[in-house]
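The structure's right below; bear with me while I get my questions together.
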Amino acid sequence: MNILERLQLSGYISPETFNIIVHRHGENLRTLSLVPEADEETRNPLIVFSGTVLQHLSSHSPRLTHLSIPINRTRGDKNEVGLYRALSKLPTLQHLSLRLMYTVGPDEEFWDEEKEGPHPLSKCGEAKVPFTYLKEAFSNGAMDETLARGIFNLIFNEGRSTLRYLRLQLSRKSTRNAPGACPGDFGTTLRWFNRSFACTHDVYRVGDVMIKELGMAEVRHAEEHWKYMMEDEQARWNDHGEDLFVEVFGSFWPKQTEEWWKEWRSLPLDVGEGV
């Protein structure tokens, strides 16, 4: 059998496919990049990178140095923290890229219309997304430098300190019922919170991890959008839910200054005992 050291795979990746990869090639893999994409016609289950799955990867991939996978954001709770701790157990991991996935409303990947009826957002435009769904999306999609540093330190300090680079990219699942699935105001609104970061640790330097924010052109565009939304109510277009976006923002981060849209922050990681 030929030795497989590098594998990049996108498309429909089932749990069975992942297990075959790990069992047949994990021993020799150095680089692994997986981009699972849903099969909407058959709705077969995709691989989900849970703590158990990541522990399985760690125990079978002793030489893995580069890994790129998606994981689900769950507001920094114990389950999400457990994923970072599982990643810290990869014994030789140096370069890690994580796509932090979240949804607006119930995840369609796990929604069964035959049993549960129509998806609650199936006829919902972006101006009519329920307050509760938007609030969860704002909090789940908010990634600031403090959170990026916390994730890096959690993986780095609980492992064997081999990690040198961590890329964190927030990504919203945009399936057929997702509001604002096409580019527009809704995506720009969320982009203000959906920051991406590169975290680098220099093995030859003693000190803190270096954090660099990525995609600043899109962030500046999103800020202009938020400036527009805070203008006088009569000057706004209200076709895309601007009033509701501002209301949801204020429910999390009360307005305290004239540039209140800059005063958001991420939820902290729940790093308590018992993950």
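The values are calculated or read from the model by the stated rules, or taken from the named source; none is laboratory data. The structure displayed is predicted, hence computed values, not measured ones. Every residue, glycine among them, receives a Cβ derived from its backbone with ideal geometry; neighbour counts consider all protein chains shown.
What number of residues within the stretch 110-139 satisfy the criterion of being at pLDDT 70 or above and buried (at least 17 other Cβ atoms within 10 Å of the Cβ)?
The qualifying residues number 8.
So that you can scan it fast, the table gives a plain yes or no per residue for (1) at pLDDT below 90; (2) part of a loop (DSSP other than H, G, I, E, B):
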| residue | (1), (2) |
| --- | --- |
| 225 | yes, no |
| 240 | yes, yes |
| 243 | yes, no |
| 251 | no, no |
| 275 | yes, yes |
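Is there a residue in the stretch 184-194 that is farther than 21 Å from residue 253 by Cβ, modelled with pLDDT of 90 or more and surrounded by 13 or more Cβ atoms within 10 Å (Cβ to Cβ)?
The answer is no, given that none of the residues of the stretch 184-194 is farther than 21 Å from residue 253 by Cβ, modelled with pLDDT of 90 or more and surrounded by 13 or more Cβ atoms within 10 Å (Cβ to Cβ).
Here is a follow-up. Filter the stretch 51-79 down to residues that are surrounded by fewer than 21 Cβ atoms within 10 Å (Cβ to Cβ) and in a helix (DSSP H, G or I), then give me how many there are.
The number of residues fulfilling the criteria is 10.
Now a separate question. Within the stretch 146-167, which residues are farther than 12 Å from residue 85 by Cα and crowded, with 19+ Cβ neighbours inside 10 Å?
147, 148, 163, 166
Scan the stretch 15-50 for residues that are β-branched (Val, Ile, Thr), outside any strand (DSSP E or B) and either surrounded by 15 or more Cβ atoms within 10 Å (Cβ to Cβ) or within 21 Å of the chain's Cα centre (by Cα) (or both) and jot them down.
17, 21, 22, 47, 48 - these are the residues of the stretch 15-50 that are β-branched (Val, Ile, Thr), outside any strand (DSSP E or B) and either surrounded by 15 or more Cβ atoms within 10 Å (Cβ to Cβ) or within 21 Å of the chain's Cα centre (by Cα) (or both).
Let me ask something else about it. For the stretch 207-223, how many residues are under 20 Å from the mean Cα position of the chain (by Cα), part of a helix (DSSP H, G or I) and surrounded by fewer than 14 Cβ atoms within 10 Å (Cβ to Cβ)?
Here the count works out to 2.
When residue 142 is evaluated against the numbered criteria (1) in a loop (DSSP other than H, G, I, E, B); (2) within 27 Å of residue 244 (Cβ to Cβ); (3) at pLDDT below 90, which criterion, by number, is the only one it fails?
If we test residue 142 against (1) in a loop (DSSP other than H, G, I, E, B); (2) within 27 Å of residue 244 (Cβ to Cβ); (3) at pLDDT below 90, just (3) comes out false.
Go through (1) outside any loop (DSSP other than H, G, I, E, B); (2) over 20 Å from residue 169 (Cα atoms); (3) not hydrophobic (A, V, I, L, M, F, W, C) one by one and return the number of the condition residue 118 breaks.
Exception for residue 118: condition (1).
Is it the case that residue 262 is surrounded by fewer than 16 Cβ atoms within 10 Å (Cβ to Cβ), among the charged types (D, E, K, R), under 23 Å from the mean Cα position of the chain (by Cα) and modelled with pLDDT under 95?
For residue 262, the condition - surrounded by fewer than 16 Cβ atoms within 10 Å (Cβ to Cβ), among the charged types (D, E, K, R), under 23 Å from the mean Cα position of the chain (by Cα) and modelled with pLDDT under 95 - is met.
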